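First comes the structure, then the notes that go with it.
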Amino acid sequence: MKVLNHYAGIGGNRKLWNEVDCTAIEINPEIAKIYKDFFPKDKIIVGDAHEYLLKHYNDGWDFIWSSPPCPSHSRINTDGRHEGRYPDMNLYQEIVFLGNNWFKGKWLVENVIPYYKPLIRPTNIIDRHCFWSNFYIPFNNFKPEKPIANQTGTNGRYGFNLKGVDIGNKRQILRNIVNPEIARFIFNCAFKLTQNHLVEG
(Lines give C-alpha, C1' and ligand atoms only; values in the text may rest on other atoms or scores of the structure.)
Protein backbone atom coordinates (compact mmCIF):
# COMPACT_ATOMS: atom_id res chain seq x y z
CA MET A 1 0.00 0.00 0.00
CA LYS A 2 1.63 3.23 -1.16
CA VAL A 3 0.69 6.09 1.18
CA LEU A 4 1.35 9.84 1.15
CA ASN A 5 1.23 11.31 4.65
CA HIS A 6 0.85 15.09 4.38
CA TYR A 7 1.74 17.55 7.16
CA ALA A 8 3.05 14.48 8.96
CA GLY A 9 4.08 16.01 12.28
CA ILE A 10 5.65 13.27 14.40
CA GLY A 11 3.34 10.65 12.91
CA GLY A 12 0.40 10.06 15.25
CA ASN A 13 -1.91 9.05 12.41
CA ARG A 14 0.82 6.80 10.97
CA LYS A 15 1.51 4.75 14.10
CA LEU A 16 -0.91 1.85 13.55
CA TRP A 17 -0.79 1.58 9.74
CA ASN A 18 0.76 -1.78 8.95
CA GLU A 19 2.45 -2.93 5.76
CA VAL A 20 2.52 0.47 4.08
CA ASP A 21 5.13 2.13 1.89
CA CYS A 22 4.80 5.59 3.42
CA THR A 23 6.18 8.93 2.26
CA ALA A 24 5.81 11.71 4.83
CA ILE A 25 5.93 15.44 4.10
CA GLU A 26 6.81 17.80 6.97
CA ILE A 27 8.00 21.39 6.65
CA ASN A 28 9.76 21.64 10.02
CA PRO A 29 13.13 19.83 9.85
CA GLU A 30 13.28 19.32 13.62
CA ILE A 31 9.86 17.68 13.67
CA ALA A 32 10.76 15.68 10.56
CA LYS A 33 13.79 14.29 12.41
CA ILE A 34 11.57 13.14 15.29
CA TYR A 35 9.23 11.48 12.79
CA LYS A 36 12.19 9.68 11.22
CA ASP A 37 13.28 8.41 14.64
CA PHE A 38 9.83 6.89 15.18
CA PHE A 39 9.44 5.57 11.60
CA PRO A 40 12.92 4.93 10.21
CA LYS A 41 11.64 2.92 7.22
CA ASP A 42 9.43 5.75 5.93
CA LYS A 43 10.70 8.18 3.33
CA ILE A 44 10.46 11.70 4.73
CA ILE A 45 10.63 14.87 2.68
CA VAL A 46 11.19 18.23 4.35
CA GLY A 47 9.14 20.73 2.41
CA ASP A 48 5.82 22.43 1.75
CA ALA A 49 3.11 19.74 1.75
CA HIS A 50 0.59 21.96 -0.01
CA GLU A 51 2.90 22.49 -2.99
CA TYR A 52 4.05 18.87 -2.95
CA LEU A 53 0.45 17.65 -3.27
CA LEU A 54 -0.13 19.79 -6.36
CA LYS A 55 2.98 18.44 -8.08
CA HIS A 56 2.90 14.81 -6.93
CA TYR A 57 -0.75 13.85 -6.30
CA ASN A 58 -0.67 11.46 -9.25
CA ASP A 59 2.52 9.57 -8.37
CA GLY A 60 0.80 6.23 -7.84
CA TRP A 61 -0.45 6.67 -4.29
CA ASP A 62 -3.12 4.28 -3.02
CA PHE A 63 -3.99 6.60 -0.14
CA ILE A 64 -3.38 10.26 0.70
CA TRP A 65 -3.86 11.56 4.23
CA SER A 66 -3.63 15.33 4.64
CA SER A 67 -3.77 17.27 7.91
CA PRO A 68 -3.27 20.96 7.05
CA PRO A 69 -2.38 23.30 9.94
CA CYS A 70 -5.36 23.82 12.23
CA PRO A 71 -4.68 26.89 14.47
CA SER A 72 -6.49 29.38 12.21
CA HIS A 73 -9.61 27.15 12.19
CA SER A 74 -9.64 26.14 15.84
CA ARG A 75 -12.26 27.27 18.34
CA ILE A 76 -9.44 28.79 20.41
CA ASN A 77 -9.79 31.77 18.05
CA THR A 78 -13.00 32.72 19.86
CA ASP A 79 -11.70 32.53 23.44
CA GLY A 80 -10.70 36.20 23.52
CA ARG A 81 -6.98 35.51 23.92
CA HIS A 82 -6.11 35.70 20.22
CA GLU A 83 -6.21 38.52 17.72
CA GLY A 84 -8.41 38.11 14.69
CA ARG A 85 -6.98 36.24 11.71
CA TYR A 86 -8.22 34.78 8.47
CA PRO A 87 -8.76 31.02 8.30
CA ASP A 88 -6.08 29.38 6.15
CA MET A 89 -7.91 28.38 2.97
CA ASN A 90 -5.31 25.76 2.02
CA LEU A 91 -7.59 23.36 3.90
CA TYR A 92 -10.48 23.87 1.48
CA GLN A 93 -8.20 24.08 -1.54
CA GLU A 94 -7.02 20.54 -0.82
CA ILE A 95 -10.53 19.21 -0.20
CA VAL A 96 -11.75 20.66 -3.51
CA PHE A 97 -8.61 19.58 -5.37
CA LEU A 98 -8.70 15.98 -4.17
CA GLY A 99 -12.47 15.81 -4.55
CA ASN A 100 -12.29 16.76 -8.22
CA ASN A 101 -11.51 13.15 -9.23
CA TRP A 102 -8.06 13.89 -10.66
CA PHE A 103 -6.64 11.63 -7.98
CA LYS A 104 -7.92 8.08 -8.43
CA GLY A 105 -6.96 6.61 -5.04
CA LYS A 106 -8.51 7.03 -1.59
CA TRP A 107 -8.00 10.37 0.10
CA LEU A 108 -8.77 12.03 3.41
CA VAL A 109 -8.31 15.56 4.74
CA GLU A 110 -8.37 16.04 8.53
CA ASN A 111 -8.71 19.15 10.64
CA VAL A 112 -10.16 20.33 13.93
CA ILE A 113 -13.83 21.16 14.36
CA PRO A 114 -13.74 24.84 13.32
CA TYR A 115 -15.14 27.85 15.13
CA TYR A 116 -17.33 28.55 12.08
CA LYS A 117 -19.74 26.38 10.11
CA PRO A 118 -17.54 24.28 7.78
CA LEU A 119 -17.63 25.66 4.24
CA ILE A 120 -17.72 22.09 2.92
CA ARG A 121 -19.67 19.53 4.91
CA PRO A 122 -17.35 16.89 6.46
CA THR A 123 -17.80 13.22 5.67
CA ASN A 124 -17.79 12.63 9.41
CA ILE A 125 -16.83 14.21 12.73
CA ILE A 126 -15.06 12.04 15.29
CA ASP A 127 -13.96 13.37 18.66
CA ARG A 128 -12.41 16.82 17.95
CA HIS A 129 -11.72 16.15 14.28
CA CYS A 130 -13.54 16.83 11.01
CA PHE A 131 -12.81 14.39 8.19
CA TRP A 132 -13.43 14.93 4.49
CA SER A 133 -12.93 11.91 2.23
CA ASN A 134 -13.98 10.08 -0.93
CA PHE A 135 -15.04 7.01 1.06
CA TYR A 136 -17.66 6.28 3.69
CA ILE A 137 -16.68 6.75 7.33
CA PRO A 138 -19.36 5.38 9.69
CA PHE A 139 -20.09 6.80 13.11
CA ASN A 140 -17.75 5.52 15.80
CA ASN A 141 -17.94 6.59 19.41
CA PHE A 142 -14.28 6.85 20.35
CA LYS A 143 -13.56 7.95 23.89
CA PRO A 144 -12.82 11.70 24.03
CA GLU A 145 -9.13 12.53 24.04
CA LYS A 146 -7.64 13.23 27.43
CA PRO A 147 -5.93 16.59 27.89
CA ILE A 148 -2.15 16.27 27.68
CA ALA A 149 -1.86 17.32 31.32
CA ASN A 150 -3.85 14.21 32.29
CA GLN A 151 -1.52 11.88 30.40
CA THR A 152 2.21 12.34 30.93
CA GLY A 153 2.77 16.07 30.98
CA THR A 154 4.64 17.38 27.98
CA ASN A 155 6.72 14.24 27.50
CA GLY A 156 4.36 11.72 25.95
CA ARG A 157 1.04 11.04 24.27
CA TYR A 158 -0.25 7.89 22.55
CA GLY A 159 3.14 6.27 23.07
CA PHE A 160 5.11 9.16 21.55
CA ASN A 161 7.58 10.24 24.20
CA LEU A 162 9.51 13.47 23.68
CA LYS A 163 11.45 13.29 26.93
CA GLY A 164 15.01 14.34 26.26
CA VAL A 165 14.16 15.71 22.81
CA ASP A 166 15.51 19.24 22.39
CA ILE A 167 12.62 20.99 20.68
CA GLY A 168 10.37 23.88 21.66
CA ASN A 169 6.66 23.66 22.53
CA LYS A 170 6.40 19.90 23.07
CA ARG A 171 2.85 20.38 24.30
CA GLN A 172 1.74 21.78 20.92
CA ILE A 173 3.56 19.06 18.99
CA LEU A 174 1.85 16.39 21.07
CA ARG A 175 -1.49 18.18 20.92
CA ASN A 176 -1.35 17.96 17.11
CA ILE A 177 -1.19 14.16 17.17
CA VAL A 178 -4.24 12.40 15.74
CA ASN A 179 -5.35 9.50 17.92
CA PRO A 180 -3.69 6.48 16.23
CA GLU A 181 -6.77 4.32 16.91
CA ILE A 182 -8.97 6.78 14.99
CA ALA A 183 -6.45 6.91 12.13
CA ARG A 184 -6.33 3.11 11.92
CA PHE A 185 -10.14 2.94 11.95
CA ILE A 186 -10.30 5.42 9.06
CA PHE A 187 -7.58 3.64 7.09
CA ASN A 188 -9.51 0.40 7.50
CA CYS A 189 -12.69 2.12 6.31
CA ALA A 190 -10.90 3.36 3.19
CA PHE A 191 -9.96 -0.15 2.16
CA LYS A 192 -12.65 -2.07 4.10
CA LEU A 193 -9.94 -4.11 5.73
CA THR A 194 -12.05 -4.91 8.77
CA GLN A 195 -15.41 -3.37 7.83
CA ASN A 196 -16.42 -5.40 4.76
CA HIS A 197 -20.03 -5.29 5.90
CA LEU A 198 -20.30 -1.49 5.69
CA VAL A 199 -23.16 -0.10 3.65
CA GLU A 200 -23.33 3.64 3.09
CA GLY A 201 -26.53 5.20 4.26
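Can G164 be described as surrounded by 12 or more Cβ atoms within 10 Å (Cβ to Cβ) and either at pLDDT below 90 or among the charged types (D, E, K, R) (or both)?
Numbers: surrounded by 12 or more Cβ atoms within 10 Å (Cβ to Cβ): no; either at pLDDT below 90 or among the charged types (D, E, K, R) (or both): yes.
So G164 does not fit the description; no.
Tell me which residues, restricted to the range 74-94, are modelled with pLDDT under 85, part of a helix (DSSP H, G or I) and surrounded by 17 or more Cβ atoms within 10 Å (Cβ to Cβ). Steps first, please.
Step one: of the range 74-94, the residues modelled with pLDDT under 85 are 74-88.
Of the ones still in play, those that are also part of a helix (DSSP H, G or I) are 75-78.
Answer for the range 74-94, where residues must be modelled with pLDDT under 85, part of a helix (DSSP H, G or I) and surrounded by 17 or more Cβ atoms within 10 Å (Cβ to Cβ): just N77.
Of (1) modelled with pLDDT of 95 or more; (2) surrounded by 13 or more Cβ atoms within 10 Å (Cβ to Cβ), G60 satisfies all except one. Which?
G60 satisfies every listed condition except (2).
Have a look at W107, W102 and point out the one that is in a loop (DSSP other than H, G, I, E, B), at pLDDT 85 or above, of a type outside the set (A, V, I, L, M) and within 27 Å of Y52 (Cβ to Cβ). I'd like the intermediate steps shown before the answer.
Working: W107 fails: in a loop (DSSP other than H, G, I, E, B).
Only one candidate passes the filter, namely W102.
Suppose we filter the range 15-35 for residues that are of a type in the set (D, E, K, R) and either surrounded by fewer than 19 Cβ atoms within 10 Å (Cβ to Cβ) or modelled with pLDDT under 95 (or both); how many remain?
4
Mind listing whichever residues of the range 17-30 are in contact with an Asp or Glu (Cβ under 7 Å, 6 or more places away or on another chain) and either closer than 15 Å to E94 by Cβ or in a loop (DSSP other than H, G, I, E, B) (or both)?
If the condition is that a residue be in contact with an Asp or Glu (Cβ under 7 Å, 6 or more places away or on another chain) and either closer than 15 Å to E94 by Cβ or in a loop (DSSP other than H, G, I, E, B) (or both), then I27 is the only one that fits.
Which pairs do you get when a residue that is within 19 Å of D166 (Cα to Cα), found in the range 25-53, comes within reach of a residue that is among the charged types (D, E, K, R) and surrounded by fewer than 19 Cβ atoms within 10 Å (Cβ to Cβ), reach meaning Cβ atoms under 7 angstrom, with the pair 6+ apart or on two chains?
Partner pairs satisfying both residue conditions: I27/D48.
If you go through the range 36-45, how many residues are assigned to a loop (DSSP other than H, G, I, E, B) and either buried (at least 19 other Cβ atoms within 10 Å of the Cβ) or within 17 Å of the chain's Cα centre (by Cα) (or both)? Working first, answer last.
Here is the first cut: in the range 36-45, the ones assigned to a loop (DSSP other than H, G, I, E, B) are 39-42.
Then keep just the ones that are either buried (at least 19 other Cβ atoms within 10 Å of the Cβ) or within 17 Å of the chain's Cα centre (by Cα) (or both); that gives 39, 42.
So the count comes out to 2.
The values are calculated or read from the model by the stated rules, or taken from the named source; none is laboratory data. Small disclaimer: the values here were computed from a predicted structure and weren't measured. Ideal geometry is used to build each Cβ from the backbone, glycine not excepted, and the neighbour counts take in all protein chains shown.
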